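Read-outs throughout are calculated quantities, based only on the coordinates presented, and are distinct from any laboratory measurement. Just so it is clear, the structure is predicted and the values come from calculations on it, not from any experiment. For neighbour counting, all protein chains shown are included, and Cβ atoms are generated from backbone atoms with ideal geometry for every residue, glycine included.
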Amino acid sequence: MKNKYMPMADYCKEYMRYLGIAKTERRSFAESVRLLEKAGFKEISTFKRLKAGDRIWRGYEDRTIMAAVIGKKNVSEAGLKVVGGHTDAPRLDLKPRPLYEKGGYVFFDCHIYGGIKKYQWLVRPLALYGTIVRKDGSKVQVEVGDKPNDPVFLISDILPHLGYDQAKKTRDEFFPAEDLDVIAWTTYAKPKKDDEKGDSEPKADKSALVEFLKKQYKVDEEDLLSAELEIVPAGMPREVGFDRSLIAGYGHDDRVCSFAGLQALIDAAGSVPDVTASILMCDKEEIGSMGSTGMQSSFFENTVAEIIERQEKDARDIMVRRALERSSMLSADVTAVADPHFPDVNSTGNEARFHKGVAASKYTGGTSKSGSSDCGPEFVAEIRRIMDEGDVVWQMAELGKMEKGGGGTIAQYMSRFGMKVLDMGTPLLNMHAPCELAAKDDIWNTYKAYSAYLRD
Ligand code: MN
Ligand code: MN
């Protein structure tokens, strides 16, 4: 056995620590940079020339990152091996002008990010994380809801006693998206002179909250126009069941695969690979990989060009194109595990199961495979060999039955370069819920799979 892996218990403990910290893509980015630098990786611009064994990372807008261990063969000649996942997760974002008063409350007005079932976000403790940027460019970090004495936030729902009308509505209709707003403040404003009889409607004091934000964060209400504030579930990842075989946590999709790639790359840095080994931890996958930090951007190509330029003093277009076409990738994203209470959505005989290891999907997409890159059998065979030689427990699976739905990953955006791409990631129960479930042994085998691939 040529590969050595971190033991399962140690790996899962470290993953749970990371998952508790990385509640947003920016926090994942910061923690990833910290771990990479600790392992000897340096930001690419600090290198004039790159040689085999060098460890580099390159980030974009503090949200998307690529890291690599430079191989013996030049990238333009041999391409790269990539493990590519994402670190954004479904959540609620604060709107640009988030503060409003209604019926004695001050709310944060929220906008849905990614595919959620709205009802799952009601009546549960929520945390607020993000960055506010002042006009002078200075930034303030907001992190509220996970430290023991922090307050949390909450979206309320009607009591069952008065919920008869609500109960008649469909899942999508019974709670309007525009009402997914968190309670931010309820202290009443002091009544004005003419209100003092007490018969006027109580008014929560928005100006007191604005005053509080000014004192706490040194920001004005106007500064919220240039903020990226995210409402995410409060609380830390936990073990599930008396056998502690599962881990519950927010954002397994796709931090479970992204982190596995990160650890696998750090492992790979222990020796000099033939082919450059790399990882991508990207942003915006949950909204279609759009934007400058999503995988429909030029970030990946640009980073490859930056590497080539430092290997060959030149990075002509054809060299970059050759590098991309000679590359291969494991699209590191989660898939669905069979849910015993919903058997009619499982692709019978082709469904993923807990404790059967990391799951490969030859294609994702919907009923007609639309939106899928459909990996060629040659690359699937190569991965089968690597998994067997690396002692990795793995399964082949489809997301679900035809005509029941579908989903995609970044595979389609990477395969357009001509790269060989296979989807391979951790199977999850209740994917996209505020608290997702994954099995420890599958989590561990995901890391082993990426490690075996990058070191092959
Ligand atoms: Mn995903
Ligand atoms: Mn997802």
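Here are the numbers for the structure shown:
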| item | result |
| --- | --- |
| Residue-count net charge about Ser372 - beta-carbon cut-off 13 Å; Lys, Arg +1, Asp, Glu -1 | -1 |
| Packing-based order for 218-227, 10-19, using average beta carbon neighbours within 10 Å, highest first | 10-19, 218-227 |
| Local electrostatic count, Glu398, Cβ distance below 11 Å [Lys/Arg +1, Asp/Glu -1] | +2 |
| Cα-derived Rg over Rh, computed across segment 94-164 with Rh taken as Kirkwood radius | 1.02 |
| Listed peptides 358-367, 389-398 by packing density, highest first (mean Cβ within 10 Å) | 358-367, 389-398 |
| Segment 250-343 - Rg (one decimal) and Dmax (whole number), Cα, Å | 16.5, 58 |
| Volume per residue that the Cα convex hull of the chain spans, once the total is divided by residue count, Å³ | 166 |
| Proxy reagent accessibility, fewest Cβ within 10 Å first, across Met281, Met295, Met6 | Met6, Met295, Met281 |
| Contour minus Cα-Cα distance for Asp10 and Val345 (0.36 nm per residue) | 117.1 nm |
| Compactness index (Cα Rg / 2.2 N^0.38 Å), segment 91-233 | 1.16 |
| Segments 255-264, 132-141, 175-184 sorted - mean Cβ within 10 Å per residue, highest first | 255-264, 175-184, 132-141 |
| The chain - mean residue ellipticity at 222 nm from DSSP helices (-39,500 (n - 2.57) per run, n ≥ 4, rounded to 500) | -8000 deg cm²/dmol |
